[in-house]
Amino acid sequence: MKITFLGKYGGYPGKESPTSSFLLEFEGFHLLVDCGSGVLSKVQSYVDLKDLDACILSHYHHDHIADVGCLQYAMLVENKLGKRIEPFPIYGHKRDSKFDELTHDVYTEGREISVDRSIAIGPFNLSFCETMHPVYCLAMKIQANGKTILYTADTEWKEELISFARNADVLISEASIYKEQFGVVKGHLTGEEAGKLAKQAEVKQLFLTHLPQYGDQEKLVEEAKNVYGGPVQLVYPVLEIFIN
Ligand SMILES: [Zn+2]
């Protein structure tokens, strides 16, 4: 299984990076996880759009969906060119009317995800956990080939995430804020909290994403390492890792 990190920022893209997103690849299947600003451009360096198989969205904040409209136009063009017959599936939760916009004519099709059931998307099995965020948002447990990836999506500290992330091979955690912002900025984790989640869930390695555009991001790694003894790394475009 391969993870290609396409973007690292929360909120808005930077000159050198889209917003937080990654591409999962296994057995020739390509699953795009979140599709914020800059992602559609970046992903094309790694997979031809005709070979992209599905997209999944954690929630409907702009930094996770900004490029969905353009993705739909891309699928329209792919269809007109005869490169794609079936509607392109876009997975998201139904707790918001934005779900209805995931279906665009015959080109893309919205498909529901929920905490109530696990689903298979290609070779991946996924289950979900509600996070603590100003809008309804789902963390994802993604399993394939006996390995587990846990993606927190956007969240404030939530105890339930510890059991949900238990023993994951890879924890991809948001780390939107610095320790000194704790309690001031709501709805997000500090680097230290990401480390605390990694430690308490006993995951094998930690990647920090959804990073702030300001400050020294390495401090987020230091915060995490102060509480978690495993490997910690900031994501960047394009970091590729293999989990075998
Ligand atoms: Zn976000």
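The values are calculated or read from the model by the stated rules, or taken from the named source; none is laboratory data. The structure displayed is predicted, hence computed values, not measured ones. No Cβ is skipped: glycine too gets one built from the backbone with ideal geometry, and neighbour counts run over all protein chains shown. All accessible areas refer to the heavy atoms of the entire protein, side chains included, with ligands and DNA or RNA removed. Shrake-Rupley method; radii C 1.70, N 1.55, O 1.52, S 1.80 Å.
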Check your understanding: Any idea which of (1) on the phi < 0 side of the Ramachandran plot; (2) surrounded by fewer than 17 Cβ atoms within 10 Å (Cβ to Cβ); (3) part of a loop (DSSP other than H, G, I, E, B) is the one CYS70 doesn't satisfy?
Key -> (3)
Check your understanding: So is GLU156 in contact with a strand residue (DSSP E or B) (Cβ under 9 Å, 6 or more places away or on another chain) and either open to solvent by less than 20 Å² (accessible area, probe 1.4 Å) or of a type outside the set (Lys, Arg) (or both) or not?
Key -> no
Review point. In region 31-83, how many are more than 23 Å from ALA144 (Cα to Cα) and aromatic (Phe, Trp, Tyr)?
Key: 2
Exercise for review: Identify the single condition in (1) over 27 Å from LYS15 (Cβ atoms); (2) open to solvent by 60 Å² or more (accessible area, probe 1.4 Å) that GLU218 does not satisfy, given that it satisfies every other one.
Suggested key: (1)
Point to revise | Residues satisfying the stated conditions in region 9-39, i.e. in contact with a strand residue (DSSP E or B) (Cβ under 6 Å, 6 or more places away or on another chain), in a loop (DSSP other than H, G, I, E, B) and closer than 16 Å to ALA139 by Cβ | key: SER20, ASP34
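Taking the stated definitions as given, is SER37 farther than 30 Å from ASN244 by Cβ, within 16 Å of the ligand (Cβ to nearest atom) and within 15 Å of the chain's Cα centre (by Cα)? It would help to see each step written out before you state the result.
On the way: farther than 30 Å from ASN244 by Cβ: yes; within 16 Å of the ligand (Cβ to nearest atom): yes; within 15 Å of the chain's Cα centre (by Cα): yes.
Against the criterion (farther than 30 Å from ASN244 by Cβ, within 16 Å of the ligand (Cβ to nearest atom) and within 15 Å of the chain's Cα centre (by Cα)), SER37 qualifies.
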Check your understanding: With (1) free of Cβ contacts under 8 Å to residues at least 40 places away in the same chain; (2) assigned to a loop (DSSP other than H, G, I, E, B); (3) within 16 Å of the ligand (Cβ to nearest atom) as the list, and LYS94 as the residue in question, which single condition is left unmet?
Key -> (3)
Point to revise | Residues that are open to solvent by 20 Å² or more (accessible area, probe 1.4 Å) and of a type outside the set (Gly, Ala, Ser), drawn from region 73-90 | key: TYR73, LEU76, VAL77, ASN79, LYS80, LEU81, LYS83, ARG84, ILE85, GLU86, PRO87
Exercise for review: Out of the residues in region 54-83 that are in contact (Cβ under 8 Å) with a residue 24 or more places away in the chain and among the charged types (D, E, K, R), state the one that is nearest to the ligand (Cβ to nearest atom).
Suggested key: ASP63
Exercise for review: Among the residues of region 186-233, write down those that are in contact with a helix residue (DSSP H, G or I) (Cβ under 6 Å, 6 or more places away or on another chain) and either in contact (Cβ under 8 Å) with a residue 60 or more places away in the chain or not aliphatic (A, V, I, L, M) (or both).
Suggested key: THR190, GLY191, GLU192, GLY195, GLN200, GLU223, TYR228
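Please specify each residue of region 159-175 satisfying the condition of being more than 15 Å from LYS204 (Cα to Cα) and either of a type in the set (Phe, Trp, Tyr) or open to solvent by less than 10 Å² (accessible area, probe 1.4 Å) (or both).
If the condition is that a residue be more than 15 Å from LYS204 (Cα to Cα) and either of a type in the set (Phe, Trp, Tyr) or open to solvent by less than 10 Å² (accessible area, probe 1.4 Å) (or both), then LEU161, GLU174, ALA175 are the ones that fit.
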